[in-house]
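Undergrad: To start, I am sharing the structure in question, which I have written as structure tokens.
The values are calculated or read from the model by the stated rules, or taken from the named source; none is laboratory data. Everything quoted here is computed from the prediction, not taken from an experiment. Glycine gets a Cβ as well: all are built from the backbone with ideal geometry, and neighbour counts include every protein chain shown.
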Amino acid sequence: MSIKVRYFASLKERVGHADAELLLPEPLSASQIWQRLNPDLAMPEGVLVAVNMEYAGLDTLVNDNDELAFFPPVTGG
Amino acid sequence: MSISLTSQTFDPWQSLAEYQAQQLAGKYGATAVFIGTMRDFNQGDGVVGMTLEYYPGMTEKQLASIVEQANQQWALLDTLLIHRIGDVVPDDSLVLVAAWSAHRGDAFDACRFIMEALKKQAPFWKKERLASGEERWVESNSNGYQTS
């Protein structure tokens with residue numbers, strides 16, 4: 001299965017890129033996917049997770065063709 | 001109901017007057033408005049500009065969901081929400097939230113709710129350009145219910 005991963009704002013700069021594609025044999029949680037993609041970078045505190053543009057938890061399972069996003073606390077307005 | 005993101009400078013008072021005249025003339029008794037404007041200082045530093053990043057698709061979805069929640073909770077006649085994206089400079093309007101209702105309670109409370117929910121949930125991020133030349137990400141929003 002194929003998953004699209006996106007990073008925003010300061011997290012995008014820390015990771016070094018905006019997007020990643022991941023091929024997996026089975027669904028993994030958002031935090032497992034972070035670890036797999038960023039083995040040398042602990043997830044910063046307060047990171048928010050969205051799956052298919054809806055807020056989700058770190059333990060949410062991500063499925064085939066899902067879009068997973070990681071971003072820092074929001075600062076709009 | 002209207003929600004929009006714009007990369008252009010906008011005059012919130014003009015947007016408000018035009019929307020009101022087209023959509024609402026004669027129908028409302030109360031209007032509550034919030035306008036957020038870019039300051040030229042933050043955390044003790046001079047700020048000369050800022051970039052507003054957002055998550056295309058999710059940002060619009062979150063804003064629509066927040067306005068929908070407000071409509072379920074209060075008796076609103078209409079709402080208008082405009083948020084800037086991209087590069088902004090001090091004195092630019094960053095956000096306009098307006099709520100119209102028959103009586104003041106619904107408009108006041110819904111306008112506040114929409115603004116506070118936007119601050120907490122809508123995926124926007126600010127990167128400041130300081131007078132010193134340095135750039136930095138704004139790390140979190142302040143609590144709107146504190147007085148200092």
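Undergrad: So B:Tyr145 passes all but one of these: (1) touching a Phe, Trp or Tyr at 6+ places or on another chain (Cβ under 9 Å); (2) of a type in the set (Phe, Trp, Tyr); (3) surrounded by fewer than 21 Cβ atoms within 10 Å (Cβ to Cβ). Which condition number does it fail?
TA: (1)
Undergrad: Scan the range B:6-39 residue by residue and report those that are touching an Asp or Glu at 6+ places or on another chain (Cβ under 7 Å) and farther than 13 Å from B:Ala98 by Cβ.
TA: B:Thr9, B:Thr37, B:Met38
Undergrad: How many residues are surrounded by 15 or more Cβ atoms within 10 Å (Cβ to Cβ), outside any helix (DSSP H, G or I) and modelled with pLDDT of 95 or more if we restrict to the range B:1-30?
TA: 4
Undergrad: For residues in the range B:110-120 being more than 7 Å from chain A (Cβ to nearest Cβ) and in contact (Cβ under 8 Å) with a residue 40 or more places away in the chain, which is farthest from the chain's Cα centre (by Cα)?
TA: B:Ala110
Undergrad: State which residue is nearest to B:Ile66 (Cα to Cα) when the search covers only the range A:31-72 and only residues that are in a loop (DSSP other than H, G, I, E, B) and either of a type in the set (A, V, I, L, M) or within 9 Å of the chain's Cα centre (by Cα) (or both). Steps first, please.
TA: Looking only at the range A:31-72, we keep the residues that are in a loop (DSSP other than H, G, I, E, B), and these are A:38-47, A:52-53, A:57-60, A:63-66, A:72.
Restricting the remaining residues to those that are either of a type in the set (A, V, I, L, M) or within 9 Å of the chain's Cα centre (by Cα) (or both) gives A:41-43, A:47, A:53, A:58.
Working: A:Leu41: 33, A:Ala42: 32, A:Met43: 28, A:Val47: 21, A:Met53: 14, A:Leu58: 23 Å.
Filtering the range A:31-72 for residues that are in a loop (DSSP other than H, G, I, E, B) and either of a type in the set (A, V, I, L, M) or within 9 Å of the chain's Cα centre (by Cα) (or both), the one nearest to B:Ile66 (Cα to Cα) comes out as A:Met53.
Undergrad: Among the residues of the range A:6-30 satisfying the criterion of being among the hydroxyl-bearing types (Ser, Thr, Tyr) and either surrounded by fewer than 17 Cβ atoms within 10 Å (Cβ to Cβ) or not in a helix (DSSP H, G or I) (or both), which is nearest to the other protein chains (Cβ to nearest Cβ)?
TA: Out of the qualifying residues, it is A:Tyr7.
Undergrad: Of the numbered conditions (1) buried (at least 18 other Cβ atoms within 10 Å of the Cβ); (2) closer than 24 Å to B:Glu139 by Cβ; (3) away from chain B (no Cβ under 14 Å); (4) of a type outside the set (Ser, Thr, Tyr), A:Val62 fails exactly one; give the number of that condition.
TA: (2)
Undergrad: Scanning for something crowded, with 24+ Cβ neighbours inside 10 Å and over 18 Å from A:Ser10 (Cα atoms), does the range B:119-142 turn up at least one residue?
TA: No, every residue in the range B:119-142 fails to be crowded, with 24+ Cβ neighbours inside 10 Å and over 18 Å from A:Ser10 (Cα atoms).
Undergrad: Additional query: Evaluate the range B:62-70: report whether one residue or more is farther than 28 Å from A:Leu68 by Cβ, crowded, with 23+ Cβ neighbours inside 10 Å and within 13 Å of chain A (Cβ to nearest Cβ).
TA: There is no residue in the range B:62-70 that is farther than 28 Å from A:Leu68 by Cβ, crowded, with 23+ Cβ neighbours inside 10 Å and within 13 Å of chain A (Cβ to nearest Cβ).
Undergrad: Next question, about the same structure. Just to check your reading of the model, which residue among B:Leu81, B:Leu77 is more than 24 Å from A:Val47 (Cα to Cα), part of a strand (DSSP E or B) and without any contact (Cβ under 8 Å) to a residue 60 or more places away in the chain?
TA: B:Leu77
Undergrad: Restricting the search to the range B:125-139, which residues are over 16 Å from the mean Cα position of the chain (by Cα) and within 12 Å of another protein chain (Cβ to nearest Cβ)?
TA: To start, the set of residues in the range B:125-139 that are over 16 Å from the mean Cα position of the chain (by Cα) comprises B:127-139.
Listed by number, the residues that qualify are B:Lys127, B:Glu128, B:Glu135, B:Arg136, B:Trp137, B:Val138, B:Glu139.
Undergrad: Here's a follow-up. Just to be sure before I move on: is B:Thr37 closer than 21 Å to B:Ile114 by Cα, touching a Ser or Thr at 6+ places or on another chain (Cβ under 7 Å) and modelled with pLDDT of 95 or more in the structure I sent?
TA: It is true that B:Thr37 is closer than 21 Å to B:Ile114 by Cα, touching a Ser or Thr at 6+ places or on another chain (Cβ under 7 Å) and modelled with pLDDT of 95 or more.
Undergrad: Go through (1) assigned to a loop (DSSP other than H, G, I, E, B); (2) in contact (Cβ under 8 Å) with a residue 60 or more places away in the chain for A:Ile3 and report which single condition fails.
TA: (1)
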